[in-house]
Structure formats: structure tokens, C-alpha cells
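Reviewing the structure listed below.
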Amino acid sequence: MKKIFNKGFTLIELVIIMVILGILAAVAVPRLGSSIGSSEVAAEDAVIGNLRSALEVYAMDKVVENSSKSYPTNPFNALDDKSRIKLTGTSWSYGGTSISHLRNDNSSVYWTYNSTTGEISSSGSDADNSDPVYVNHDWCASYCYDLNQYGSFENIPNGWWPPEYPVQECDCSQ
């Protein structure tokens with residue numbers, strides 16, 4: 001007499017496993033997305049904190065050199081060469097009055113830099129808050145319209161947007 005041993009899983013067992021995996025994926029994916037966003041904010045906070053520290057070290061070096069506290073016009077110049085190249089070669093930039101970071105979701109965030117005082121802050125009442133700010137001036141809609149019509153800032157006629165309008169602060173991604 002032959003004994004038949006069935007090895008493997010039944011169809012029902014496989015379906016149950018697939019349902020369980022689907023439920024786990026449905027719960028885990030949204031949590032993963034929010035942890036990526038919060039880790040990007042934490043990384044931005046770390047960069048801004050390092051910039052603040054580097055600016056103070058730079059200012060103290062200037063005091064030693066010429067007995068006068070001063071800050072660089074570009075905050076990234078306060079960093080050592082390796083750090084400056086690493087940051088500015090990626091998604092960080094400085095545009096005259098604001099530090100900007102292009103996030104992975106292609107949204108930009110900004111901090112204001114004052115080269116006279118060396119302060120990096122967000123717009124608002126809390127100067128110690130390093131949360132990024134999306135700037136929406138009343139004229140940003142016009143700039144975003146022009147940007148859409150001309151395709152890039154370089155194609156907009158010279159003098160169309162004078163320097164008193166910090167167009168780099170406008171969020172035209174919406």
C-alpha cells in the first residue's frame with residue numbers, strides 16, 4: 001500500500017497569507033511616508049543648527065582677526081569647504097536673503113538670513129524657531145504666472161521683476 005503525502009500549502013492557506021500581507025502593507029506604507037517626511041524635517045533642523053553654529057564661529061574668528069564681529073554675506077561661506085560643497089552641491093542654496101532647501105517631493109522651504117546679525121530664522125514671531133516657511137507674497141501669483149508663460153526665470157524680460165521682489169521665495173509648485 002502506498003502512502004501519499006501532500007507537501008506544500010493549500011490554496012486557502014495561500015489566500016489567507018496574501019490577505020494578511022495586504023493588511024500589513026496597508027498599515028505600514030502610510031507610516032513609512034510620514035517617517036520619511038519627519039526625517040527630512042529633522043535633517044533640515046540639523047543643517048540649520050550647524051549653519052548657526054558655523055556662523056558664530058566665523059564671527060568670533062573675525063573678532064580675533066580685526067576686533068570686529070561680522071558675518072559672511074553667504075551663510076554657507078561660514079562652513080568648511082567639504083561641508084559647503086556637500087550642501088550647496090545638492091538641494092540647498094542661498095538667494096541673497098533666504099536659505100532654501102528643495103525637498104524630495106519638489107517643494108521648497110525657506111529660512112531668512114540676516115548677514116548683519118548672523119540670524120537665521122523663519123518668518124514669524126519666534127526667532128528661535130527653525131521651521132521652514134513657504135512664502136506667499138501677494139505678488140507671487142503674478143510671478144508664478146509669468147514663470148509659467150516664459151518657461152524659466154532666465155526667459156522673463158530683464159528688469160521685469162526687480163530685486164526688491166524676492167521671487168526665489170515664491171512657491172510656484174501649486
| Looking at Tyr145, is it modelled with pLDDT under 80, of a type in the set (Phe, Trp, Tyr) and exposed (fewer than 13 other Cβ atoms within 10 Å of the Cβ)? | yes
| request: Within the range 55-104, track down each residue that is exposed (fewer than 11 other Cβ atoms within 10 Å of the Cβ), closer than 25 Å to Ser38 by Cα and either in contact with a helix residue (DSSP H, G or I) (Cβ under 9 Å, 6 or more places away or on another chain) or not assigned by TED's automatic domain parsing to the domain that holds Ala42 (or both). | output: Asn104
| note | (1) surrounded by 15 or more Cβ atoms within 10 Å (Cβ to Cβ); (2) at pLDDT below 75 all hold for Trp139 apart from (1)
| Leu51 being touching a strand residue (DSSP E or B) at 6+ places or on another chain (Cβ under 8 Å), modelled with pLDDT of 80 or more and not in a strand (DSSP E or B) | yes
| query | Which residue pairs have Cβ atoms under 8 Å apart, sit 6 or more places apart or on different chains, and have a first residue in the range 66-78 that is aliphatic (A, V, I, L, M) and a second that is surrounded by 15 or more Cβ atoms within 10 Å (Cβ to Cβ) and not in a helix (DSSP H, G or I)? | reply | Ala78/Tyr71; Ala78/Pro72
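The values are calculated or read from the model by the stated rules, or taken from the named source; none is laboratory data. Since we're looking at a predicted model, the values are computed, not measured. Methodologically, a virtual Cβ is constructed for each residue, glycine included, from the backbone with ideal geometry; neighbour enumeration extends over all protein chains shown.
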